[in-house]
Amino acid sequence: MFNAFERTVAGRYLRARKGERFVSIIAIFSLVGIALGVATLIIVMSVMNGFRQELLSKILGLNGDLGIYAAGQTFTDYAEVTAKVRAVPGVVSATAVVERPAGLKPEQGGNYSAGLVRGITLEDLRKLKVVASTIGAGSLDRFEGDDAIVIGAGLAARAGLGVGGRLQVYAPDMTATPFGSIPRGRAYTVVAIFQVGFSEADNGFIFMPMQAAQVLFRMPNAVSQIEVTTIDPDQAVAIGRRIRSALAGTPVRVVDWTQNNNAFFAAVEVERNVMFLILTLIILVAAFNIVSSLIMMVKDKTRDIAVLRTIGAGSGSILRIFLMCGAFVGVAGTLLGTLLGVVFCLNIETIRHAIESLSGTNLFNPEVYFLSRLPAVLKWGEVGQVVGMAIGISLIATIYPSWRAAKTDPVEALRNE
């Protein structure tokens, strides 16, 4: 497409000589602008992907892809319902759970706080990998009887508790006495501490043996819900319909994760799209710099263009020469930005810790962002889209200045000189 003559001239024009430094500086700024725009876009898109994936894995790992609730307050025939659900195609597991809000207070001093108690069998808790695989202290082997609980690391730190410590757990209802209503609860021994990296769970979830939870919340031989894990969260809606069919005649309500967390994940998706639009504007601004630098180059090279035309170079050759000049800036900036963005994403946690140690500030507070680390998930398809968009914008930006150069009248140009 481009012959050796055109490549040689374009390369010479890109190497600014004395008196042409200003044009070269503008081209460099254009290249840096495109590189920063592409890198920032890749980094932000990857971080937003990481947020969604990490939150989704933590939320679904704790709560399941589907929740089945009785038409009344509790399931009394939960064993039969659970067996039917497990037989539905696409269902990986179905877990009966007693879940109730509760008041929390260390047995020795400390302040009251709110939490969520989940009654579950030891077998099902071991299957809950997001918890079982993150036990940092203690052991699940002691998770039995009526005096054992497993708590999150955030709650343990806030309450000043370790393995063997005692935590008061209060049911939401009151006990009537001759002296009035009093909170109903008791102290439990901490047998293990987990840290899933999801602040809501680490700060407020308490796991308790099923029978102990049924006694505390006055739910004899009953559970509050059945949590279902599927082969693919994206198929949860379809599998939910199968479960409703399998439980026809049983008054239940089936809720999938998209219903429970729709507003949250919709907000993440909207923010992601808005950030993509805003950061694309950075690339557009850099592209306008390419236009201005090429127009100035064409103006400075008017005499050269006239000489080239008089020695036989056609308008097509002139057009391609300046297209190459602009394309070099755009393509080089895009490739540099892609390299910078990918390297940054692959080392984002190391970079974050280095910046925090140098500045002495906390750039990523888990209490605010729900996660204990800054996630970044590179999707090469999205990286390719960003690269294609940046190169496309850069090439479009070179068309008008190159067309102006190709339309230069050599006679008029030499006469004006």
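The values are calculated or read from the model by the stated rules, or taken from the named source; none is laboratory data. What you see is a predicted model, and the numbers here were worked out from it, not measured in a lab. Neighbour counts are summed over all protein chains in view; Cβ atoms, including those assigned to glycine, are modelled from backbone coordinates with ideal geometry.
Computed quantities for the displayed model
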| quantity | calculated |
| --- | --- |
| Residue count, segment 373-403 (criterion: of a type in the set (Gly, Ala, Ser) and in contact (Cβ under 8 Å) with a residue 12 or more places away in the chain) | 5 |
| Residue match in segment 93-114 (condition: in a helix (DSSP H, G or I) and either touching a residue at least 40 places away in the same chain (Cβ under 8 Å) or within 28 Å of the chain's Cα centre (by Cα) (or both)) | no |
| Qualifying position, being of a type outside the set (D, E, K, R), within 29 Å of PRO220 (Cβ to Cβ), touching a residue at least 12 places away in the same chain (Cβ under 8 Å) and in a helix (DSSP H, G or I), among VAL131, VAL88 | VAL131 |
| Per-region count, segment 317-334, residues surrounded by fewer than 23 Cβ atoms within 10 Å (Cβ to Cβ) and among the aliphatic types (A, V, I, L, M) | 5 |
| Selected residue [of a type in the set (Val, Ile, Thr), in the same structural domain as PRO106 (by TED's automatic domain parsing) and over 23 Å from GLY33 (Cβ atoms)] from ILE206, ILE311, ILE231, ILE239 | ILE206 |
| Residues that are surrounded by 14 or more Cβ atoms within 10 Å (Cβ to Cβ) and either closer than 26 Å to LEU140 by Cα or at pLDDT 85 or above (or both), drawn from segment 239-251 | ILE239, GLY240, ARG242, ILE243, ARG244, ALA246, LEU247 |
| Restricting segment 187-223 to residues that are free of Cβ contacts under 8 Å to residues at least 60 places away in the same chain and either in a strand (DSSP E or B) or hydrophobic (A, V, I, L, M, F, W, C) (or both), the residue that is nearest to GLY138 (Cα to Cα) | ALA192 |
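Listed here are the residues, each with its yes/no results for (1) touching an Asp or Glu at 6+ places or on another chain (Cβ under 6 Å); (2) more than 26 Å from VAL98 (Cα to Cα); (3) assigned to a strand (DSSP E or B); (4) of a type in the set (A, V, I, L, M).
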residue	(1), (2), (3), (4)
GLN235	no, no, no, no
ILE243	no, no, no, yes
VAL255	no, no, yes, yes
ALA266	no, yes, no, yes
VAL270	no, yes, no, yes
ILE290	no, yes, no, yes
LEU294	no, yes, no, yes
LEU308	no, yes, no, yes
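Yes/no per residue for (1) more than 13 Å from GLU99 (Cα to Cα); (2) modelled with pLDDT of 90 or more:
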site: PHE143; (1), (2): yes, yes
site: VAL190; (1), (2): yes, yes
site: ILE193; (1), (2): yes, yes
site: GLY204; (1), (2): no, no
site: PHE207; (1), (2): no, yes
site: ASP232; (1), (2): yes, no
